[in-house]
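*Asks:* My questions will all concern the structure given below.
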Amino acid sequence: MNRKTIAKGLAVGTVAGIAFYGLSQSSMNKRHSIKRNAGKALKAVGSVIDEITSMMM
């Protein structure tokens, strides 16, 4: 196996574990806030991509 692949897998697993732990320990209101903010961020990214594609056409 490639050491780079192993290191990348460990890093991804660690980040996922930390994120899961943080979400499981947060209160219900905070969890709702995180979901709402993530939704807003995804919409913003979608808007930026739409604007870039419209500029290229």
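*Asks:* With the requirement that a residue be polar (S, T, N, Q) and either touching a Pro at 6+ places or on another chain (Cβ under 9 Å) or modelled with pLDDT of 85 or more (or both), what does the range 38-55 give you?
*Replies:* 47
*Asks:* Just need a number here: residues in the range 1-14 that are at pLDDT 85 or above and open to solvent by 80 Å² or more (accessible area, probe 1.4 Å).
*Replies:* Count: 1.
*Asks:* Does residue 18 satisfy the criteria of being under 14 Å from the mean Cα position of the chain (by Cα) and modelled with pLDDT of 80 or more?
*Replies:* yes
The values are calculated or read from the model by the stated rules, or taken from the named source; none is laboratory data. In this text, all values refer to a predicted model and were calculated from it rather than measured experimentally. Glycine gets a Cβ as well: all are built from the backbone with ideal geometry, and neighbour counts include every protein chain shown. Accessible surface areas use protein heavy atoms only, side chains included; no ligands, DNA or RNA. Shrake-Rupley method; radii C 1.70, N 1.55, O 1.52, S 1.80 Å.
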